[in-house]
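Single-structure report; data block below.
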Amino acid sequence: MSIHQENPAQRATADQLRRRAGELDGRDALAHCRDHFIGTETPLSYLDGNSLGRPLKRTADDVAAFIREEWGGRLIRGWDERWLHMPQDIGDQAGRAVLGAAPGQTIIADSTTVVLYKLIRAALAAVQDPDRNELVLDTENFPTDRYLVEGIALEEGLTLRWIEPDPAAGATLEQVRQATGPRTAVVLLSQIAYRSGHLADMPGITAAVHDAGALVVWDLCHSAGSVEIGLDGADVDFAAGCTYKYLNGGPGSPAFAYVNARHLPSLNQPIWGWMGRKDAFEMAAGYEPAAGIRGFLSGTPAIFGMLAMQGTLDLIEEASMAAIREKSVALTSFAVEVFDAWLAPLGAQLASPRDPAERGGHITVDHPDFTKATVEALWDGDVIPDFRAPHGIRVGLSPLSTSFDEVLQGMAAIRDRLRG
Ligand SMILES: *Cc1c(COP(=O)(O)O)cnc(C)c1O
């Protein structure tokens, strides 16, 4: 790599950074976790574990055993024996390991998009006041969140109130205070902004939304498995997120949904399916929701993705989210250090918060010369970040599987593309 083709000053910096990476890897309390993942022994630099997490080695065995013994051996009996309970059992484990949620409030189902639709509609149904006809969200929210809310506003005759955050940050407490009031029904925000990595003040914003008399739905796609989340502690109303990002459930693995126990007795979700009905197998006339979070199911649960995410939930419980967040902060801080040394002098801008307390597990670097083709060329060289229009490269650092050396190798390749 061209790390060896530099002038003496640059070489000194490269040597220093290489030593730093070595030191950081040497004292990484979670370094052993990387060995549990497939592919981490190769020189490939994976900087997109926040889009699709790497698979655990045990997942290959768990899935093979499931096919041979449970699916192949138990056949349809498997539903009664285990599979029907998995949405709640693994939901509870996700609540305990990752979400700061007591049992009975989390379920694994559908996709994040579908689950968010159900949650937003359930939240709207829980707001009884007809004068509250505004849905609040921010322009930096993930596309699916924005489109969903646009569709729901049409269905329900609601008005959208857009917060416009700094694209290099995210929605602030002050902006939420200003956007909410006696007309607000529901607020939808991401805890971590998918582009900038900005970490929102979830407890403060949740309290502000409640002060305004409204309900909040949090999208946790980029925070589940990267930061400590205290849903019960912050008295969050509703939350949802992906399991194929930091939870490594595999492509298209089902989402998780959280409903605060205080809302469950009056829950009214819009997709009435047989799996969410009480006594599903009676197949009786008329829909009556199952009690509690089970009433949030609609159709048959996707079992394979749950098997994969269970391996990561076990590993997270062993490692602890506190240690994972600590490593995540060290990884993004190192990435910023390398950015300052190598990319800023070439005209790149950090489009993410500098304060680690306001940052999740990824950073975005903007440069006018970055295009989709830049990232394609990086991918061809086995350095895998993500492209984010109009000219950003997003560097995602999955704490359980990413090494500091991997970060350095990846950032060196990005620097080399900029040098041309
Ligand atoms: C990845 C992501 C999604 C994806 O939703 P799917 O239904 O799984 O496609 C939604 N919201 C955010 C914030 C995301 O980062």
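The values are calculated or read from the model by the stated rules, or taken from the named source; none is laboratory data. Predicted model, so just to flag it, every value in this text is computed and none were measured. With ideal geometry, Cβ positions are generated from the backbone for all residues, glycine too; neighbour counts draw on all protein chains shown. To get the accessible areas, we keep the full protein, side chains included, count just its heavy atoms, and leave off ligands, DNA and RNA. Shrake-Rupley method; radii C 1.70, N 1.55, O 1.52, S 1.80 Å.
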Contact list, first residue from the range 201-218 and more than 22 Å from residue 130 (Cα to Cα), second anywhere and of a type in the set (D, E, K, R) and surrounded by 20 or more Cβ atoms within 10 Å (Cβ to Cβ), beta-carbon distance below 9 Å, six or more apart or interchain, is 218/237
* Out of curiosity, is residue 102 away from the ligand (no atom under 16 Å from the Cβ), farther than 30 Å from residue 384 by Cα and modelled with pLDDT of 95 or more? -> yes
If you go through 25, 48, 110, 62, the only one that is in contact (Cβ under 8 Å) with a residue 12 or more places away in the chain, open to solvent by 30 Å² or more (accessible area, probe 1.4 Å) and within 16 Å of the ligand (Cβ to nearest atom) is 110
Taking the range 238-247 and keeping residues more than 21 Å from residue 298 (Cα to Cα) and either away from the ligand (no atom under 16 Å from the Cβ) or open to solvent by less than 10 Å² (accessible area, probe 1.4 Å) (or both) leaves 246, 247
Within the range 143-158, residues of a type outside the set (Asp, Glu) and open to solvent by less than 70 Å² (accessible area, probe 1.4 Å) come out as 143, 144, 146, 148, 149, 151, 152, 153, 157, 158
Q) Would a scan of the range 175-185 turn up a residue that is open to solvent by less than 30 Å² (accessible area, probe 1.4 Å), among the aliphatic types (A, V, I, L, M) and over 28 Å from residue 390 (Cβ atoms)? A) yes
Going by the conditions given, is residue 89 open to solvent by less than 40 Å² (accessible area, probe 1.4 Å), more than 16 Å from the ligand (Cβ to nearest atom) and charged (D, E, K, R)? no
Listed by range, helices (runs of 4 or more DSSP H) wholly within the range 1-106 having at least 2 residues that are under 23 Å from residue 362 (Cβ atoms) are 8-26, 31-34
Only one of 413, 357, 377, 344 is modelled with pLDDT of 95 or more, in a helix (DSSP H, G or I) and within 23 Å of residue 324 (Cα to Cα), namely 357
Among 148, 158, 137, 116, the single one that is within 13 Å of the ligand (Cβ to nearest atom) and either of a type in the set (Asp, Glu) or over 24 Å from residue 295 (Cα atoms) (or both) is 137
For the range 210-237, the count of residues that are more than 11 Å from the ligand (Cβ to nearest atom), surrounded by 24 or more Cβ atoms within 10 Å (Cβ to Cβ) and within 18 Å of residue 173 (Cα to Cα) equals 8
Next on the checklist: Any residue that is within 12 Å of the ligand (Cβ to nearest atom), under 30 Å from residue 352 (Cβ atoms) and in contact (Cβ under 8 Å) with a residue 60 or more places away in the chain - is there at least one of those in the range 257-279?
Outcome noted: yes
